[in-house]
Amino acid sequence: MKLQHLSYLAAIVALMSCGGGTEKQEAPAAAQETVKTDISTNPDYQKGLALVAKSDCLGCHKIEDKLVGPSYVDVANKYPSTTENITMLANTIIKGVTPDKAIWGKLPMSPHPQLSQADAEQMVKYVLLLKK
């Protein structure tokens, strides 16, 4: 009987020791979420937010909900943060969009020719940081 218990104990120890050394430990979900969502200290976030706050963008766009145009989160989820996308989206902000070229429906987007390319790109960088 003691031999049988010893065999069970040996089997349990063997099972517990299998595969434990090669897997990476992940941070708890709460810690990952904090790191993932704490973008407020990012300089691109701060500069872009300030520019958006001074503009008329919030008349048509909201951060998480569709208003007239798509939400910023929807834009961020659609476009990866690449140099090409930042330039293209900044040009869209400056030049606007006619209904026949609209990507998010048939509504036009007003042009913003008063914005510099650098400011428009900074605004886009802010928006793309909102990706969920």
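The values are calculated or read from the model by the stated rules, or taken from the named source; none is laboratory data. Only a predicted model underlies this, so the values are computations on that prediction, with no experimental measurement involved. So basically every Cβ, Gly included, is an ideal-geometry build from the backbone, and we count neighbours across all protein chains shown.
Among the candidates G96, G69, single out the residue that is within 15 Å of L115 (Cα to Cα) and either surrounded by 13 or more Cβ atoms within 10 Å (Cβ to Cβ) or without any contact (Cβ under 8 Å) to a residue 40 or more places away in the chain (or both).
Numbers: G69 fails: within 15 Å of L115 (Cα to Cα).
Only one candidate qualifies: G96.
Considered as a group, the residues in the range 40-64 that are hydrophobic (A, V, I, L, M, F, W, C), in contact (Cβ under 8 Å) with a residue 40 or more places away in the chain and in contact with a helix residue (DSSP H, G or I) (Cβ under 8 Å, 6 or more places away or on another chain) include one that is surrounded by the fewest Cβ atoms within 10 Å (Cβ to Cβ), and that residue is I63. Here T83 meets each of (1) under 19 Å from S40 (Cβ atoms); (2) loosely packed, with under 11 Cβ neighbours inside 10 Å; (3) within 18 Å of the chain's Cα centre (by Cα) with one exception, condition (1). For the range 98-122, a residue qualifies if it is of a type in the set (G, A, S), modelled with pLDDT of 95 or more and closer than 18 Å to Y79 by Cα, and exactly one does: A120.
Condition first: farther than 20 Å from N42 by Cα and not in a loop (DSSP other than H, G, I, E, B). Can you find one or more residues in the range 102-116 that meet it? Yes, the range 102-116 contains at least one residue that is farther than 20 Å from N42 by Cα and not in a loop (DSSP other than H, G, I, E, B).
When every residue of the range 86-95 is checked against the conditions, none turns out to be among the polar types (S, T, N, Q) and modelled with pLDDT under 95. Among the candidates K125, K62, the residue that is assigned to a helix (DSSP H, G or I), of a type outside the set (S, T, Y), closer than 23 Å to Q46 by Cβ and modelled with pLDDT of 95 or more is uniquely K125.
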